[in-house]
Amino acid sequence: MAAGLLSGKAALVTGASRGIGRAIALQLADAGAAVALVARDIGKLEDLARRLDSTGTKTVYNSFDLALEDSINNLVDWLREKDFHVDILVNNAGIYGTDSIAMEEYCGWDSGAKSSLSLWNKTLAVNLSAAFGLARLLAPQMVEKRWGRIINISSISGQKAEVFGTAYSASKFGLIGVTQSLALELARHGVTVNSVCPGWVATDMAEEQINDPEWCRLNDINPEESLDIARLSVPQMRLIQPDEVASLVGYLCTDSARGITGQAINICGGLSIT
Ligand code: NAP
């Protein structure tokens with residue numbers, strides 16, 4: 001992204017400690033935005049903040065567990081204390097957990113998969129409720145300025161169901177619903193709301209899923225071949241890199257993208273059309 005394209009803007013990126021969120025924070029900062037970094041791992045946030053500070057980016061960071069309802073209000077209060085007025089909200093924090101209801105309950109097969117309601121509740125809390133909660137509290141200040149961007153990192157699994165990932169799929173489908181609904185509500189106020197839907201991206205999340213013995217067993221995949229199977233399922237035969245997703249997010253933040261709202265934009269190497 002061209003330097004200075006987002007100067008004067010302030011962005012909150014959730015899940016900024018690693019993976020896609022970290023790449024997004026770096027790109028938005030490169031384009032001149034001030035950034036607020038949020039995740040649980042304070043050490044990783046501190047490292048990134050130090051790197052950004054050294055380039056002159058205004059950076060604030062703090063640890064919040066977005067699975068906890070109180071965190072949403074606390075995060076917004078903290079931003080207020082820091083005098084950090086969010087123009088760009090990137091709801092990126094997310095978790096994936098393998099789940100299976102049928103194998104264990106009906107077939108007597110102890111899959112060992114975490115098909116618990118607690119996984120369901122936690123997945124919806126982090127991936128969906130936190131995104132809505134932050135949009136609800138931060139959109140009014142964007143409306144006041146008549147400029148804002150809300151970008152929700154959904155997934156191809158938010159459009160095409162993911163087997164043994166019911167909670168994850170539900171949360172990502174839900175995020176696209178939230179995106180469309182808020183896009184309609186905010187359309188006349190200079191605020192765009194979009195979902196970005198990655199396919200396989202080379203991050204810890206993908207690596208953990210691909211290497212999860214339960215995921216391999218449920219999908220009847222030999223763990224040794226798991227990475228190749230994931231890779232070869234993509235028409236481009238590769239995993240997307242985090243900075244590719246970040247570039248798309250960066251573009252959606254620019255004024256050139258002001259006409260794009262309510263969309264779910266895939267970045268998946270062609271996976272969505274297989
Ligand atoms: P990742 O490497 O696992 O990073 C997830 C980020 O979310 C981390 O910064 C993590 O930070 C944060 N996070 C997780 N639980 C949290 C919690 N309870 N409270 C606050 N922050 C939390 O995953 P990623 O691949 O970068 O994923 C980023 C987004 O892209 C997610 O929404 C994911 O669903 C989506 N996505 C990923 C892929 C893929 O293939 N990788 C594909 C489609 C969509 P801490 O651990 O420090 O809290």
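The values are calculated or read from the model by the stated rules, or taken from the named source; none is laboratory data. All figures in this text were calculated on a predicted structure; none of them were measured in a lab. Here Cβ is always computed from backbone atoms with ideal geometry, including for glycine, and neighbour counts include all displayed protein chains. Calculation scope for accessible area: heavy atoms of the full protein, side chains included, ligands and nucleic acids excluded. Shrake-Rupley method; radii C 1.70, N 1.55, O 1.52, S 1.80 Å.
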task = Consider only pairs whose beta carbons are under 7 Å apart and that are at least six residues apart or on different chains; among these, list those whose first residue lies in segment 260-274 and is within 24 Å of Ala187 (Cα to Cα) and whose second residue is assigned to a loop (DSSP other than H, G, I, E, B).
result = Ala264/Ser154; Ala264/Gln159
query = Which is within 12 Å of the ligand (Cβ to nearest atom), more than 24 Å from Arg22 (Cα to Cα) and surrounded by fewer than 18 Cβ atoms within 10 Å (Cβ to Cβ), of Ser181, Ser272?
reply = Ser272
key: Residues satisfying the stated conditions in segment 174-210, i.e. over 19 Å from Ile95 (Cα atoms) and free of Cβ contacts under 8 Å to residues at least 40 places away in the same chain   = Ser181, Glu185, Arg188
query = Does at least one position in segment 219-228 carry a residue that is open to solvent by 30 Å² or more (accessible area, probe 1.4 Å) and within 18 Å of Ile95 (Cα to Cα)?
reply = no
request  = Please give the helices (runs of 4 or more DSSP H) falling wholly within segment 183-274 in which 2 or more residues are at pLDDT 95 or above.
outcome  = 204-211, 226-232, 242-253
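Condition check ((1) hydroxyl-bearing (Ser, Thr, Tyr); (2) more than 18 Å from Val126 (Cβ to Cβ); (3) more than 15 Å from the ligand (Cβ to nearest atom)) across all residues:
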site	(1), (2), (3)
Ala3	no, yes, yes
Lys9	no, yes, yes
Leu12	no, no, no
Ala33	no, yes, yes
Leu37	no, no, no
Glu46	no, yes, no
Thr59	yes, yes, yes
Phe64	no, no, no
Ile72	no, no, no
inquiry  = Can you pull out every residue in segment 11-38 that is open to solvent by 10 Å² or more (accessible area, probe 1.4 Å) and outside any helix (DSSP H, G or I)?
reply    = Gly15, Ser17, Arg18, Gly32, Ala34
